[in-house]
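Written out below as structure tokens is the structure these notes cover.
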Amino acid sequence: MRYLPIHVDTKDADILIVGGEAAAEAKLRTLVKTDANLILVATIVSPEITRWIEAGKITHFNRAFSPCDLDGKRLVYAATEDDSFNGEIAALCRAKFLPVNAADYKDACDFITPALVDRAPVAISIGTEGTSPGLARAIKADLETRLPSTLGSYALKVQKLRAKVKAVMPALSDRQRFWAAIFGGKSLDAQLRLSNEALEAAVYDRFQSKSENGGGMVSLVGSGPGNPDLLTHQARQKLHSADVIVYDRLVSQGVLDFGRREAEYIYVGKEPGGASTPQDEINAIIVAKAKAGHAVVRLKSGDPLVFGRADEEIDALIAAGIAFDICPGITSASAAAAQMKTSLTTRGHNKSVTFMTGHDAKGFAEQDWANLAKPGARAAVYMGIGASRFIQGRLLLHGAAKDLPITIVENASRPEQKIVATTLAGLADDLVAAGIVGPALLMIGYAVRDAKHEILKEKAAL
């Protein structure tokens, strides 16, 4: 991120705009909505700007720009129709350490005015770091249709309740958690339909809930295969309202970004062949944080109920008397099959699919190899990279065909995804040759669809 979004207080601030034609008019369409003192220096002024001047929204000086115009200003917009002159004004501003925006001259800008969705006092800024203003406007148009005109009045309604909450909860961190729980439990549309009385009742109910159970709770949340777009709505809500997020190694940063900045993040990853956080220690962390009254999210890659050791954590929570719930996620096998454009089960071919792990507590995991080696059998192997030669040997030993198709999917659904087609005979060697290091699924019995066939289908659909 090159440009940091910051909302500047414009109340009684002097903001200078140099220029009075199209470039200045575009800047002023947003500025006239602020509480700033707008000072315009220009000899030529457009009809629209003239109307704003006549309405008393802008103070106009009908003369050429002078460097002394910069004195005492909070912000400066160099918005003449001359890029070179705008650059000269920007240089003067920087010499005075004065933030400046130069119209259509990105390299001379200290800040960029974003596209805005205005629901005052709610304002949503959309920026593309100057790369695509058209894209920013398209996003703005989409949000405009989604967000009701009453959003601002709803914010003012909440503001009145904040004073009551502050009186009961003096600590800022407690209030942040409280409001995160209020807004994390329902959709925005449902929230906005609440009357003043209903909103006050929701706040009161939350107070009651905290007094009865201390507010402590643990949610076992599946983060899916790592693509933030595949995170469930329920998981996003849990992350938004969490006080503590205890997360695994394979949870992506894109998923973590849904959590609050104020939340406590605790990494408990297990490195293959390296340092790992013992499961007993993880259990102790989530229990202790919940007993302290926190809303805890135990964030796991994929689905917490598929090779996620969820039972051990559930048993620890029950033993400690901690309330908990479970938010399932998209498991990696489903994501891998989707990226391969194939079904996990195919009518007339396989009536079942085995989800299996390459490792267990004792080392390489033994399976029902005789059934897995039968024609038509299919399996998705989790944590199978290090066990690939073991799996290969066991299947061959039990009569599986050497040309049995196997597809390796590394980082399924992520930008760095890699798909490798191989056979049982070439499995271990092809893993090494392709540089697969994981996380990856071994999709046994699954072949990659013919790429040419897929292209033809896509063209036919156009």
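Residues being surrounded by fewer than 16 Cβ atoms within 10 Å (Cβ to Cβ) and not in a helix (DSSP H, G or I): count how many of those fall in the stretch 273-313. Residues meeting the conditions: 8. Taken over the stretch 387-414, the criterion of being surrounded by 15 or more Cβ atoms within 10 Å (Cβ to Cβ) and of a type in the set (Asp, Glu) is satisfied by 410 alone. Selection of the stretch 4-38 for residues being among the aliphatic types (A, V, I, L, M) and not in a loop (DSSP other than H, G, I, E, B) yields 15, 16, 17, 18, 22, 23, 24, 26, 28, 31, 38.
Of the residues making up the stretch 183-217, those that are under 19 Å from residue 327 (Cβ atoms), buried (at least 17 other Cβ atoms within 10 Å of the Cβ) and at pLDDT 70 or above number 2. In the stretch 234-278, the qualifying residues are those that are among the polar types (S, T, N, Q) and over 11 Å from residue 297 (Cα atoms), and the one that is nearest to the chain's Cα centre (by Cα) is 253. Exactly one residue out of 236, 261 is within 25 Å of residue 415 (Cα to Cα), part of a helix (DSSP H, G or I) and free of Cβ contacts under 8 Å to residues at least 24 places away in the same chain, and it is 236.
Taken together, the residues in the stretch 47-97 that are on the phi > 0 side of the Ramachandran plot and touching a residue at least 24 places away in the same chain (Cβ under 8 Å) amount to 1. Every condition in (1) modelled with pLDDT under 85; (2) within 26 Å of residue 118 (Cα to Cα) holds for residue 171 except the one numbered (2).
From the list 72, 87, 130, which residue is over 19 Å from residue 39 (Cβ atoms) and not in a helix (DSSP H, G or I)? One residue alone meets the criteria, 130. Scanning the stretch 56-83 for residues that are of a type in the set (A, V, I, L, M, F, W, C) and more than 19 Å from residue 22 (Cα to Cα) returns 68, 70, 75. Scanning the stretch 218-239 for residues that are among the polar types (S, T, N, Q) and at pLDDT 90 or above, we see that the one that is surrounded by the most Cβ atoms within 10 Å (Cβ to Cβ) is 223.
Residues of the stretch 39-69 that are among the charged types (D, E, K, R), assigned to a loop (DSSP other than H, G, I, E, B) and farther than 26 Å from residue 115 by Cα: 63 alone.
The values are calculated or read from the model by the stated rules, or taken from the named source; none is laboratory data. Note that the coordinates shown come from a computational prediction; the quantities given were computed from them, not determined experimentally. Every residue, glycine as well, gets a Cβ built from its backbone with ideal geometry; the counts of neighbours run over all protein chains shown.
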